[in-house]
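Below: one structure, written as structure tokens.
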Amino acid sequence: VLVTLWSVKGGSGTSTVAAGLAVVAAGASSPSRGSTLLVDLAGDQPALLGLARPTSPGALDWLAAEHGDADALRRLELAPEHGLALVPRGEALAWAPDRPARLVELLAVEDRTVVVDGGTLADRTASSSAGAELVRALAGVGPSLLVVRPCYLALRRVVALRSEPDAPLRPDGVVLVVEPGRALDATDVARAVGVPVRATVAVDPVVARAVDAGLLTSRVPRPFGRALSGLLSEIGA
Ligand SMILES: Nc1ncnc2c1ncn2[C@@H]1O[C@H](COP(=O)(O)OP(=O)(O)OP(=O)(O)O)[C@@H](O)[C@H]1O
Ligand SMILES: [Mg+2]
């Protein structure tokens, strides 16, 4: 399974959910699960996994190169812990033509569970950006999940993205990051986005502290881990 997580507003919790999902899938808590590849297109994953800032090339550098194939992609991998490999984002700004399609092809035939942190596709113009292009292509291979809080401003952006005429960015499901005190609930979000809520993750100070300490991988907080295990079953990983 290849699952792509993305958002329409910064700070939604996309990278935290992606890291948690990859760790849970890799079996940090249950060794019977298979190994996992986490592909970071957003840049925060090394810090989330408690790693130093990578000095080696990453996904964007692979996308910028004219050549380099599956082996070159594999050489990008960092191995923070058993069962989990990370392709860091890298630094290159311009991508070579056809490379995003090639990346999608290679990830599509991976044996491992692949989790992609697609980052924030911020506004209407984002739907024609390179990042959106890649997220759209990845969505053709596996579930594409929008990470969103029950926030009116975020939902307006989703609706704007959806109503664009050419190849709108439409997720297969929503990961709802719920905070206390919001007026909108899961039903409102599902209705606005037009797809089901596949998982609900609570904003939990224990999760925030684990992120800040770079300890998310070593002990996934219980309720967070349960929500993510449920999500893995939902998407058949
Ligand atoms: N479930 C959660 N409980 C508590 N805090 C959370 C949770 N998820 C994320 N956070 C906190 O919210 C902030 C934003 O999270 P994160 O970086 O994952 O969001 P993002 O959508 O990836 O943001 P960006 O747009 O910057 O990439 C961080 O401070 C993180 O610690
Ligand atoms: Mg992020």
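Among (1) touching a residue at least 24 places away in the same chain (Cβ under 8 Å); (2) within 11 Å of ligand 1 (Cβ to nearest atom), which single condition is Asp204 missing?
Going through the list (1) touching a residue at least 24 places away in the same chain (Cβ under 8 Å); (2) within 11 Å of ligand 1 (Cβ to nearest atom), Asp204 breaks only (1).
Could we say that Arg74 is among the basic types (Lys, Arg), assigned to a helix (DSSP H, G or I) and either within 15 Å of Val220 (Cβ to Cβ) or at pLDDT 95 or above (or both) here?
Criteria met by Arg74.
Within the group Val174, Val220, which residue is within 13 Å of Val148 (Cα to Cα) and either surrounded by 13 or more Cβ atoms within 10 Å (Cβ to Cβ) or small (Gly, Ala, Ser) (or both)?
One residue alone meets the criteria, Val174.
Take the residues of segment 177-217 that are within 22 Å of Cys151 (Cα to Cα) and polar (S, T, N, Q): which is nearest to the chain's Cα centre (by Cα)?
Restricting to residues being within 22 Å of Cys151 (Cα to Cα) and polar (S, T, N, Q), the top hit is Thr200.
Restricting to segment 1-29, and then to whatever is in a loop (DSSP other than H, G, I, E, B) and hydrophobic (A, V, I, L, M, F, W, C), can you tell me which residue is modelled with the lowest pLDDT?
Ala28
Please work out which residue is surrounded by the most Cβ atoms within 10 Å (Cβ to Cβ), limiting yourself to segment 52-80 and to residues that are within 18 Å of the chain's Cα centre (by Cα) and within 16 Å of ligand 2 (Cβ to nearest atom).
Ranking the candidates gives Gly58 first.
Inspect all residues belonging to segment 82-99 and state whether any of them is in a loop (DSSP other than H, G, I, E, B), of a type in the set (A, V, I, L, M, F, W, C), surrounded by 15 or more Cβ atoms within 10 Å (Cβ to Cβ) and modelled with pLDDT of 95 or more.
no
Kindly indicate whether any position in segment 182-194 is touching a Ser or Thr at 6+ places or on another chain (Cβ under 7 Å) and buried (at least 17 other Cβ atoms within 10 Å of the Cβ).
No, that holds for no residue.
May I ask you to list the residues in segment 100-117 that are among the acidic types (Asp, Glu), outside any helix (DSSP H, G or I) and away from ligand 2 (no atom under 16 Å from the Cβ)?
Those that are among the acidic types (Asp, Glu), outside any helix (DSSP H, G or I) and away from ligand 2 (no atom under 16 Å from the Cβ): Glu110, Asp111.
The values are calculated or read from the model by the stated rules, or taken from the named source; none is laboratory data. All values derive from a computational prediction rather than experimental measurement. Positions of Cβ are backbone-derived with ideal geometry, glycine not excepted, and every protein chain shown enters the neighbour counts.
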